[in-house]
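Following: one structure in structure tokens, then a few remarks.
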Amino acid sequence: MSYRSLPRWLIVVAIVGAAFVVLPLAGMVLRVDWANFLPLITSESSLDALGLSLRTSLAATALCIVLGVPMALVLARTRFWGQKVLRSLVLLPLVLPPVVGGLALLSTFGRRGLLGQTFDAFGIQLAFSTTAVVLAQTFVALPFLVLSLEGALRTVGTRYEAVGATLGASPSTVLRRITLPLVLPALLSGAVLSFARALGEFGATLTFAGSLQGTTRTLPLEIYLQRETDPDAAVALSLVLVVVAIVVVAVAHQAGEASPLRRGRRLVPDAQDSADIRPVERRQS
Amino acid sequence: MHGRRAETARRGALLVAIAATAALLAGCAGGASGSPADPADAPGTATSPGTAAPDTSTLDGSVTVFAAASLKGTFTELATRFEAEHPGVDVELNFAGSSDLVTQITEGAPADVFASADEKNMTTLTDAGLIDPAAPVDFATNVLEIAVPPGNPAGITSFADLANPAAKVVVCAPQVPCGAATASVEQTTGVDIPAVSEESSVTDVLGKVTSGEADAGLVYVTDIAAAGDAVQGIAFPESANAVNTYPVAVVDHAGRLDGATAVARAFVDFVAGASGRAVLSPAGFGAP
């Protein structure tokens, strides 16, 4: 019924927009050499690339959670001078061309980089290692987690945390028992998005980590290389990546709709009913 | 309600009309680009050679040249010189990896001339019927050279030194021309390079060397010449085992006018002739 309230031309443009996104994917699916699809995606180099991509993306997601959750909490729950600038800087990898990210990482962690020489002194060499791939992926994926978690933290508000604190819970207990359970769905969907971004990382990896089968050649790099000699294999592998991406987006959507948030939503209005929370909040701050 | 909906529909039609007009205008602008001073080469009115050309040259029109990325410097220079010789001609250049260009041309990109960094990619197009098998002319050769960062930190002096596992050596993947050349030199010499990375382009190999991440990389002589002081080149005699030949040819075009084909042929002759040599040799390219 609600579609009647929209002007018809807008719906037409929306359909054109949807076609613009969906048609190229359909075009690619039509190019797939189905007879050889399985051999193409199960070749040794393809499986190496897929395995490496999954492992590095999982590691990058873990790193994003470890670093991103505290970052989101600090951005959402504290106020300090220069916070807005810091937030913009943290989100910069979202808008930065990946190659630029790669160059930035190179000039920091590279052999002649800012920290590279220090690492070198300890016998750690990042260049051309799988660790370099994980670093590149974390660099580009981190903003996704920080952004979605910070938004959720602001939406949920501080009322429960304040109540918990007045009842004697330590800041760590409040974080563990109240804050994190409330934003768990956002954390999950943020993590899934980070995983997807890490999986698709190409430019920074190419610039920073190199490309060697089984060590640094992730699936996007393998597709890029296969295209040189075997476009069929490149298309088949692209389809694998598209399917993984669709699954990931579906999971993220599901996580966003998951029950903890609904429970949270139900609790928030209750909290608004109890008027005696506000003074507590003031005392806290 | 009725009236408003009719009005919405009319507005919708108007928007579509505006969009269509904009697209048409953009199309027109595209067709006329690069030749505002010369209405003679507008589609449909292109002059055939010898007729009504106001300048001394008989050539008139534009030519779109698709050239391998390694030809960027030399072909930009050649295009400028060609335009100076033929004031009525406009040369449009498109540089990318040879295999990318082949994909673009097979997908219908409007190329008049294709200059490939290897024979394999040219063969792909002759096999596809987009280039006459007799058309390609070899105009240059290129050989591999070892690129090291200034100061040569790993002390590499020969091709055999690249087998040292302590040195971080970067090469091209065997799927790309420079990697195929590397593999064939490895095969003929029996030297097995434990590369830390197999990049998909020469540029990426060179980047790893100039940034100092790698101790050595295998690239073409011309890449080292173009990189200037950023890298040091070490020539090695074994490179003669893998000489890369660059062919150039006119791409067949169903709807192209004779005038445009004449310009394309003239450009191919220019590249393969003495003028081409004068620009290609200083850049490090060998004669075919």
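Annotations
- Qualifying positions in the range A:125-143 - free of Cβ contacts under 8 Å to residues at least 24 places away in the same chain and either more than 14 Å from chain B (Cβ to nearest Cβ) or touching a Gly at 6+ places or on another chain (Cβ under 8 Å) (or both): A:L126
- Matching entry among A:R217, A:R154, A:R176, A:R197 (being surrounded by 19 or more Cβ atoms within 10 Å (Cβ to Cβ), basic (K, R) and more than 27 Å from B:K120 (Cβ to Cβ)): A:R197
- When residues of the range B:99-123 are limited to those that are in contact (Cβ under 8 Å) with a residue 24 or more places away in the chain, farther than 12 Å from B:P247 by Cα and part of a helix (DSSP H, G or I), the one nearest to the other protein chains (Cβ to nearest Cβ): B:S99
- Meets criteria (in the same structural domain as A:F195 (by TED's automatic domain parsing) and closer than 20 Å to A:L149 by Cβ) for A:A104: no
- Residue that is farthest from the other protein chains (Cβ to nearest Cβ), among those in the range B:180-193 that are closer than 19 Å to A:L225 by Cβ and in contact with a helix residue (DSSP H, G or I) (Cβ under 7 Å, 6 or more places away or on another chain): B:S184
- Applying a threshold of 8 Å to beta carbon distances and a minimum spacing of six or more residues, or different chains, the list of pairs starting in the range A:225-236 at a residue that is within 8 Å of chain B (Cβ to nearest Cβ) and ending at one that is among the β-branched types (V, I, T) reads A:L225/B:V176; A:R227/B:T103; A:E228/B:V176; A:P231/B:T103.
- The set of residues in the range B:200-245 being β-branched (V, I, T), farther than 19 Å from B:S281 by Cβ, crowded, with 19+ Cβ neighbours inside 10 Å and touching a helix residue (DSSP H, G or I) at 6+ places or on another chain (Cβ under 7 Å) consists of B:V202, B:V231.
- Hey, B:E238 within 14 Å of chain A (Cβ to nearest Cβ) and not small (G, A, S) or not: no
- Here A:A209 passes the criteria (1) modelled with pLDDT of 80 or more; (2) more than 10 Å from every other protein chain (Cβ to nearest Cβ) except the one numbered (2).
- Pair list, Cβ < 6 Å and 6+ apart or interchain, from the range A:184-196 residues that are over 13 Å from A:L147 (Cβ atoms) to residues that are hydroxyl-bearing (S, T, Y) and assigned to a helix (DSSP H, G or I): A:F195/A:S57; A:F195/A:T61
- Here B:V176 passes the criteria (1) over 18 Å from B:A115 (Cβ atoms); (2) within 14 Å of chain A (Cβ to nearest Cβ); (3) not hydroxyl-bearing (S, T, Y) except the one numbered (1).
- The range A:38-68 - residue that is assigned to a helix (DSSP H, G or I) and over 18 Å from A:V134 (Cα atoms) and, of those, farthest from the chain's Cα centre (by Cα): A:P39
- Listing of helices (runs of 4 or more DSSP H) fully contained in the range A:113-227 that carry 2 or more residues being under 30 Å from B:G207 (Cα atoms): A:116-121, A:130-156, A:180-200, A:203-208
- B:N142 being polar (S, T, N, Q), crowded, with 23+ Cβ neighbours inside 10 Å and within 16 Å of B:V219 (Cβ to Cβ): yes
The values are calculated or read from the model by the stated rules, or taken from the named source; none is laboratory data. For clarity, every value in this text was computed on a predicted model and none was experimentally measured. Neighbour counts are summed over all protein chains in view; Cβ atoms, including those assigned to glycine, are modelled from backbone coordinates with ideal geometry.
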